[in-house]
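The values are calculated or read from the model by the stated rules, or taken from the named source; none is laboratory data. Everything quoted here is computed from the prediction, not taken from an experiment. Note that each Cβ is placed from the backbone with ideal geometry, even for glycine, and that neighbours are counted across all protein chains shown. To get the accessible areas, we keep the full protein, side chains included, count just its heavy atoms, and leave off ligands, DNA and RNA. Shrake-Rupley method; radii C 1.70, N 1.55, O 1.52, S 1.80 Å.
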Amino acid sequence: MSVMKPPTVIGQFHTLFFGSVRMFFLGVLGFAVYGNEALHFSCDPDKREINLICYNQFRPITPQVFWALQLVIVLVPGAIFHLYAACKSINQECILQKPIYTVIYILSVLLRISLEAVAFWLQIHLFGFQVKPLYLCDAVSLGKKFTTIKCMVPEHFEKTIFLIAMYTFTVITIVLCVAEIFEIIFRRLCVLIRQRPKG
């Protein structure tokens, strides 16, 4: 069973961009920037239990886990369509020539855009646009002795750059998906024009 390529040039570029650059960036550089964050996250007083409680408050979910989940979830609509296409022996030309396949493919791209947009919103909600060097931890749960504890965030500037890069990747992916829809519509119109009887 051969692997079907996306029916558009933009779709193929998106697959290359998504599959190689974005995953490489997250896998290699993401580990370098966020790999030992919990170990180097320190509070005053510097006690293990305080550091752990404050770190969990600072990071309800680690960026690496969030972005890995985002990549997997965003791949699902395309993977389902390609599996359907492989089972039905649908090739690239069929997608552009048969309206039902064109509509299904466009819906899968629209779903991909929606998932990217939701991930973008969640990323803003969870991480913001800047990692500050100091985090004020609400330590009421530790007892009356503590109320607010100051914690130092390691490599905050590198993390800010990485955050902006991941936002940029999400925006590029959404733009590519929108451009792919326009390319599909344009090529579909070209097919219809060629099929019109000359009179």
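Numbers for the structure displayed
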| read-out | value |
| --- | --- |
| Point-charge dipole on Cβ atoms (K/R +1, D/E -1) for the chain, about Cα centre, debye to 20 | 700 |
| Percent carbon-and-sulfur accessible area, the chain, ignoring ligands, DNA and RNA, probe 1.4 Å | 70 |
| ³J(HN,Hα) computed for each position of segment 46-52 - Karplus, 6.51 cos²θ - 1.76 cosθ + 1.60, integer Hz, glycine/proline x | 8, 10, 4, 5, 5, 4, 5 |
| Surface per residue (accessible, 1.4 Å probe) for segment 9-193, Å² | 56 |
| Sites residue 75 and residue 46 - FRET efficiency at Förster radius 41 Å, r taken between beta-carbons, to 0.05 | 0.50 |
| For the chain, calculated [θ]222 nm from helices alone, where every DSSP H run of n ≥ 4 adds -39500 (n - 2.57) | -21500 deg cm²/dmol |
| Using alpha carbons only: equivalent-ellipsoid semi-axes of the chain, gyration tensor based, whole Å | 47, 14, 14 |
| Computed FRET value (nearest 0.05) for residue 31 with residue 110, which takes r as the C-beta separation and R₀ as 35 Å | 0.60 |
| Pair residue 100, residue 191: separation of 7 Å Cα→Cβ label points (nm) | 1.4 |
| Relative packing of 151-160, 132-141, 187-196, which averages over residues the other C-beta atoms within 10 Å, highest first | 151-160, 132-141, 187-196 |
| Count of lysine pairs in the chain with Cα separation under 27 Å (8 or more residues apart, or interchain) | 14 |
| Lone cysteines, the chain (no partner Cβ under 4.7 Å) | 87, 94, 177, 190 |
